[in-house]
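One structure is given below, encoded as structure tokens.
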Amino acid sequence: MSKSYYEFFCPVKIIAGHSALEHVPFELSTLGAKRPMILTDAGVRKAGLLAPVEAALQVGGIGAAAIFDDVPPDSSLATVRAAATTYRDNDCDAILAIGGGSVIDTSKAVNILVSLGGDDLMAYAGAHNLPRPLKPLFVIPTTSGTGSEVTLAAVISDPERSVKLPFASYYLMPNATVLDPRMTLTLPAHITAMTGMDAMTHAVEAFTCLAANPISDAYATAAIQKIANNLLVAIDEPRNADARLELAQASTMAGIAFSNAMVGLVHALGHATGGVCHLPHGLCMSLYLPYALEYNKSVNGARIGELLLPLAGAQVYASTPPAQRADVAIDFIRRLRDHLHAKTQLPRTLQETGKVRRDQLDEIADRALNDGSIIYNPKEADLGQLRAILDKAWG
Amino acid sequence: MTAHSLSLAAAQRAYVALMMTVISRGLCAASINDDDVGREVARFRPGYTLVMTVFPDGPRFGLEVTPDGHFARSAVTDEAADLVIRFKHLAHAFLVFTFQEGTARAFANDRMVADGDLSDAIRLVRCLNRMEALILPGPVARRALKQYPPLPLGQKLRTASGIYGRVAASFFTR
């Protein structure tokens with residue numbers, strides 16, 4: 001199926017590889033930044049992940065002017081304001097975000113306040129409401145899944161009003177993302193599994209949903225291949241720097257793919273489940289991926305069948321009749337989940353999570369029906385069909 | 001710009017403006033005549049306002065949710081509306097309103113942007129899809145929709161005639 005029209009945009013410089021951190025001082029200096037604020041969370045700091053970054057900065061002649069390490073897993077307006085105050089009090093001129101999705105989203109929101117002034121983040125909520133470019137923002141991911149290091153979006157909670165504020169602007173995209181395997185070597189096995197499946201789902205949905213385009217396809221299939229080849233390796237050999245680097249690159253490539261081709265039913269169900277049951281996003285992705293592909297198969301089975309090449313390799317792809325490729329691809333994903341369950345206890349069904357009640361499924365279906373991602377799903381889904389998928393995912 | 005392309009743009013603009021008038025009135029009618037659309041609209045809060053428009057300066061229409069949970073036409077501005085769906089160009093709106101490109105496909109092809117709560121935009125798209133399934137001939141609706149719902153002919157004709165009747169009447173009453 002050829003794409004009649006598409007847009008693709010990713011201005012983020014990718015700095016990737018062994019010793020990538022050592023390139024940060026020079027890259028900051030090219031943007032005129034001398035006093036970066038490190039934005040991170042307590043867990044990252046406790047894991048000792050700031051040490052190689054600070055060492056690289058120091059040798060490069062740039063010291064961190066401030067460190068804000070109080071970002072919670074679900075960042076809020078108060079956190080953003082507190083971090084912005086730290087930035088201003090220390091006369092910083094750039095942000096270095098070191099962490100996972102919450103830290104990265106927080107850094108984008110902090111950048112709005114410190115660049116545009118004031119404390120009223122809500123004035124900039126919504127799509128394309130930022131008037132000009134922001135301060136330099138570099139992102140150093142410490143997980144390999146979110147893809148937020150290359151996206152134009154951020155979500156910040158407003159606990160007082162019990163809402164999540166979405167922000168989307170090209171100006172929110174980081175100037176650079178730094179992929180250094182040292183930052184993920186200590187990632188626990190179950191988080192490696194969960195974030196790996198998050199990245200896998202980004203790539204699979206980017207490839208199989210309505211806004212897929214030739215350029216996002218290239219990123220998506222490369223990401224799928226890297227994850228299929230390296231996720232179990234990284235879990236078996238956590239300190240395998242090559243496998244870690246492959247996963248970090250895959251996550252970023254999947255992020256580039258889905259931020260240009262969007263996502264579909266898995267994310268609609270996952271967002272809803274996260275909202276109702278507070279399950280981690282990556283886990284939700286892993287839970288629903290095979291069931292959503294099964295559902296979509298009647299509409300885009302050939303497209304799903306193409307996933308078999310990056311998933312299982314040329315030999316399996318060539319020896320599988322075209323009509324069976326979609327089923328074999330979905331089966332590959334199921335078996336990958338089985339392996340991850342055996343090695344890390346990553347749940348495969350809603351029941352196995354132990355955190356979802358069957359009487360919550362109706363609410364999950366209702367929320368999924370109104371999730372923004374569902375419009376990009378290739379097959380229409382009504383409430384009854386969503387509920388049927390949830391029943392299958394229950395286990 | 002040649003005279004030909006100018007006249008083509010003028011024709012497209014007139015067509016899109018006409019279709020926006022029909023669609024907005026059709027949505028108001030469908031929110032009363034069709035249970036599915038009615039249920040969807042009733043989930044917006046009363047007073048909720050939305051605008052569908054074309055960059056840079058229209059054509060456009062505005063709708064407001066009435067206290068009894070139906071759509072009514074509204075003069076709400078883009079700035080004041082809770083949700084604004086904006087086609088990036090007149091030609092894109094023309095594609096959608098000539099049913100050459102469905103609403104979901106138009107989103108996927110970056111033809112338009114939604115400013116507001118995306119959940120509300122999704123609900124509006126469902127209302128549009130349902131209305132199109134009801135009032136358009138099957139072959140045309142199949143081109144515009146991801147999936148044409150199973151609609152018994154009798155139900156389709158009854159509901160469509162009710163919607164068309166209300167739309168026609170609205171041109172005389174407002």
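Return the pair list, or none, for Cβ contacts closer than 9 Å from residues in region A:222-242 that are without any contact (Cβ under 8 Å) to a residue 40 or more places away in the chain to residues that are surrounded by fewer than 18 Cβ atoms within 10 Å (Cβ to Cβ) and assigned to a helix (DSSP H, G or I), at least 6 apart or on different chains.
Between residues of region A:222-242 that are without any contact (Cβ under 8 Å) to a residue 40 or more places away in the chain and residues that are surrounded by fewer than 18 Cβ atoms within 10 Å (Cβ to Cβ) and assigned to a helix (DSSP H, G or I), the close pairs are A:N230/A:D242; A:V233/A:D242; A:N240/A:V233.
What about A:A212, is it farther than 19 Å from A:A312 by Cβ and in contact with an Asp or Glu (Cβ under 6 Å, 6 or more places away or on another chain)? Quick ask: steps written out before the conclusion?
Numbers: farther than 19 Å from A:A312 by Cβ: yes; in contact with an Asp or Glu (Cβ under 6 Å, 6 or more places away or on another chain): no.
Here the answer is no, as A:A212 does not meet what is asked.
Output the residue which, of all residues in region A:1-41 that are hydrophobic (A, V, I, L, M, F, W, C) and surrounded by fewer than 18 Cβ atoms within 10 Å (Cβ to Cβ), is farthest from the other protein chains (Cβ to nearest Cβ). Talk me through it step by step, then tell me what you get.
Step one: of region A:1-41, the residues hydrophobic (A, V, I, L, M, F, W, C) are A:1, A:8-10, A:12, A:14-16, A:20-21, A:24, A:26, A:28, A:31, A:33, A:37-39.
With surrounded by fewer than 18 Cβ atoms within 10 Å (Cβ to Cβ) added as a condition, the list becomes A:1, A:8-9, A:14, A:16, A:26, A:31.
Working: A:M1: 12, A:F8: 10, A:F9: 10, A:I14: 23, A:A16: 28, A:F26: 35, A:L31: 29 Å.
Only one residue fits best here, namely A:F26.
Here is a check on your reading of the model: is A:R387 assigned to a helix (DSSP H, G or I), more than 14 Å from chain B (Cβ to nearest Cβ) and of a type outside the set (V, I, T)?
Working: assigned to a helix (DSSP H, G or I): yes; more than 14 Å from chain B (Cβ to nearest Cβ): yes; of a type outside the set (V, I, T): yes.
Yes; evaluated as a whole, the condition is true for this residue.
Please enumerate the residues belonging to region A:286-313 that are over 14 Å from A:I364 (Cα atoms), hydrophobic (A, V, I, L, M, F, W, C) and touching a residue at least 60 places away in the same chain (Cβ under 8 Å). Talk me through it step by step, then tell me what you get.
Taking region A:286-313 first, the residues over 14 Å from A:I364 (Cα atoms) are A:286, A:289-313.
Still in the list and also hydrophobic (A, V, I, L, M, F, W, C): A:289, A:292-293, A:299, A:302, A:304, A:307-309, A:311-312.
Matches in region A:286-313: A:L289, A:A292, A:L293, A:V299, A:I304, A:L307, A:L309, A:L311, A:A312.
Taking the options A:K108, A:K135, name whichever one is touching a strand residue (DSSP E or B) at 6+ places or on another chain (Cβ under 8 Å), crowded, with 18+ Cβ neighbours inside 10 Å and in a loop (DSSP other than H, G, I, E, B). Reasoning before the result, please.
Numbers: A:K108 fails: in a loop (DSSP other than H, G, I, E, B).
Result of the check over A:K108, A:K135: A:K135.
In region A:163-215, what count of residues is obtained for those that are within 14 Å of chain B (Cβ to nearest Cβ) and not in a helix (DSSP H, G or I)? Steps first, answer last, please.
Taking region A:163-215 as the starting set, the residues that turn out to be within 14 Å of chain B (Cβ to nearest Cβ) are A:163-170, A:205-215.
If we keep only those that are not in a helix (DSSP H, G or I) as well, we get A:163-169, A:209-213.
The total comes to 12.
From A:A82, A:A109, A:A97, which residue is closer than 24 Å to A:L247 by Cα and aliphatic (A, V, I, L, M)?
On the way: A:A82 fails: closer than 24 Å to A:L247 by Cα; A:A109 fails: closer than 24 Å to A:L247 by Cα.
Going through A:A82, A:A109, A:A97 in turn, just one is closer than 24 Å to A:L247 by Cα and aliphatic (A, V, I, L, M): A:A97.
Restricting attention to region A:335-343, does a residue exist that is surrounded by 15 or more Cβ atoms within 10 Å (Cβ to Cβ), in contact (Cβ under 8 Å) with a residue 24 or more places away in the chain, within 14 Å of another protein chain (Cβ to nearest Cβ) and under 26 Å from the mean Cα position of the chain (by Cα)?
No: zero hits.
Please indicate, with yes or no, whether at least one residue in region B:123-145 is farther than 21 Å from B:T53 by Cβ and at the interface with chain A (Cβ under 9 Å from one of its Cβ atoms).
Here is the first cut: in region B:123-145, the residues farther than 21 Å from B:T53 by Cβ are B:130, B:133-143, B:145.
Those still in the list that are at the interface with chain A (Cβ under 9 Å from one of its Cβ atoms) too: B:145.
Yes, region B:123-145 contains at least one residue that is farther than 21 Å from B:T53 by Cβ and at the interface with chain A (Cβ under 9 Å from one of its Cβ atoms).
Is it true that A:P52 is farther than 29 Å from A:R161 by Cα, at pLDDT 95 or above and assigned to a helix (DSSP H, G or I)?
Values: farther than 29 Å from A:R161 by Cα: yes; at pLDDT 95 or above: yes; assigned to a helix (DSSP H, G or I): yes.
When the stated conditions are applied, A:P52 passes them.
Between a first residue in region A:50-62 that is more than 14 Å from A:E27 (Cα to Cα) and a second residue that is part of a helix (DSSP H, G or I), which pairs have beta carbons less than 6 Å apart while being 6 or more apart in sequence or on different chains?
So the pair list comes out as A:P52/A:L21; A:P52/A:R182.
Mind counting the residues in region A:26-49 that are assigned to a helix (DSSP H, G or I), touching a residue at least 60 places away in the same chain (Cβ under 8 Å) and not aliphatic (A, V, I, L, M)? Please lay out each step first, then the result.
We begin by selecting, within region A:26-49, every residue assigned to a helix (DSSP H, G or I); these are A:26-30, A:42-46.
Checking the rest, the ones that are also touching a residue at least 60 places away in the same chain (Cβ under 8 Å) come to A:27-28, A:44.
Then keep just the ones that are not aliphatic (A, V, I, L, M); that gives A:27.
Number of matching residues: 1.
Looking at (1) closer than 24 Å to A:P378 by Cβ; (2) over 12 Å from the mean Cα position of the chain (by Cα); (3) hydroxyl-bearing (S, T, Y), which is the only condition B:T49 fails?
Checking B:T49 against (1) closer than 24 Å to A:P378 by Cβ; (2) over 12 Å from the mean Cα position of the chain (by Cα); (3) hydroxyl-bearing (S, T, Y), the one that fails is (1).
Residue-wise test of (1) within 12 Å of another protein chain (Cβ to nearest Cβ); (2) surrounded by fewer than 23 Cβ atoms within 10 Å (Cβ to Cβ); (3) in a helix (DSSP H, G or I); (4) of a type outside the set (G, A, S).
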site: B:V41; (1), (2), (3), (4): no, no, yes, yes
site: B:G47; (1), (2), (3), (4): no, yes, no, no
site: B:L50; (1), (2), (3), (4): no, no, no, yes
site: B:T53; (1), (2), (3), (4): no, yes, no, yes
site: B:A72; (1), (2), (3), (4): no, yes, no, no
site: B:V76; (1), (2), (3), (4): no, yes, no, yes
site: B:R86; (1), (2), (3), (4): yes, yes, no, yes
site: B:A93; (1), (2), (3), (4): no, no, yes, no
site: B:V113; (1), (2), (3), (4): yes, yes, no, yes
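Select, from A:I215, A:I235, the only residue that is modelled with pLDDT of 95 or more, buried (at least 20 other Cβ atoms within 10 Å of the Cβ) and at negative phi.
Numbers: A:I215 fails: buried (at least 20 other Cβ atoms within 10 Å of the Cβ).
Only one candidate passes the filter, namely A:I235.
Scan region B:146-161 for residues that are within 14 Å of another protein chain (Cβ to nearest Cβ) and charged (D, E, K, R) and report the count. Working first, answer last.
First pass over region B:146-161, keeping only residues within 14 Å of another protein chain (Cβ to nearest Cβ): B:146-151.
Still in the list and also charged (D, E, K, R): B:146.
Number satisfying all stated conditions: 1.
The values are calculated or read from the model by the stated rules, or taken from the named source; none is laboratory data. These numbers were taken from a predicted model, which means no experiment stands behind them. Neighbour counts are summed over all protein chains in view; Cβ atoms, including those assigned to glycine, are modelled from backbone coordinates with ideal geometry.
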